[in-house]
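Report on one structure; see the data block that follows.
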Amino acid sequence: RKIMDQEEENRMMMMMMKGRVWVNVGVLVLALVLVAKMMVQLWWKPRKISKHFSKQGITGPPYHFFIGNMKELVELMIKASSQPMSFSHHILPRVLPFYHHWKKIYGIISIALLYFFNPMACLNESIQIDVCGV
């Protein structure tokens, strides 16, 4: 009787262990799928978008994994808001400091500028042309 109970107990333990293995495999597969989706959304898509627009001559600041261009955006906005504003109609450096800064870097005559509010790509098209000495 004891031997039979022990064999039955061993079978039950084996079944429970097999069930745990399948649960662990399921959790692992789910985790891998989620990581793959995150990598596509946060790495592959922004790189693909940047490459697509750079082929057309549209440039902008480089994409940074997970945060996009948010760090630079926030730094420029904090810096702009900490300085006093002059009494003029030239408010772009105060209201959109990142656009003003990137416009200086990526060209005075800027038709389009690509930047990232992660994971969303933003394309800024402007018809504004700065001409000096007219």
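The values are calculated or read from the model by the stated rules, or taken from the named source; none is laboratory data. This one's a predicted model, so the numbers in the text were calculated from it and none came from an experiment. Please note: Cβ atoms are built from the backbone with ideal geometry, for glycine as well, and neighbour counts cover all protein chains shown. What goes into the accessible areas is simple: the full protein's heavy atoms, side chains included, and nothing from ligands, DNA or RNA. Shrake-Rupley method; radii C 1.70, N 1.55, O 1.52, S 1.80 Å.
Observations on the model:
- Electrostatic bookkeeping for Thr59 treats Lys and Arg as +1 and Asp and Glu as -1; over the other residues with beta carbon under 12 Å from its beta carbon, the sum is +3.
- Solvent exposure of the stretch 29-86, expressed per residue, is 76 Å² of accessible area, with all protein chains present and a 1.4 angstrom probe.
- Gained length - Leu92 relative to Glu75, 0.36 nm times residue gap less alpha-carbon distance: 4.5 nm
- Gain on full stretching of the segment that runs from Val29 to Ser82 - 0.36 nm per residue minus C-alpha separation: 14.2 nm
- Residues whose amide H lies under 5 Å from that of Gly60, counting only those 5 or more places away or on a different chain, are Leu114; hydrogens are built 1.01 Å from N in the peptide plane.
- Part-to-part distance (alpha-carbon centres) for the stretch 50-65 and the stretch 16-42, which is given in Å: 33 Å
- Apolar share of the accessible surface for the stretch 1-84: 69 percent from carbon plus sulfur atoms, 1.4 Å probe.
- Under the combined filter of DSSP loop state and at most 15 neighbouring Cβ atoms within 10 Å, the stretch 47-90 retains these chymotrypsin sites (Phe, Trp or Tyr not before Pro): Phe65, Phe66, Phe87.
- For Lys37, solvent-accessible area (1.4 Å; no DNA, RNA or ligand), Å²: 140 Å²
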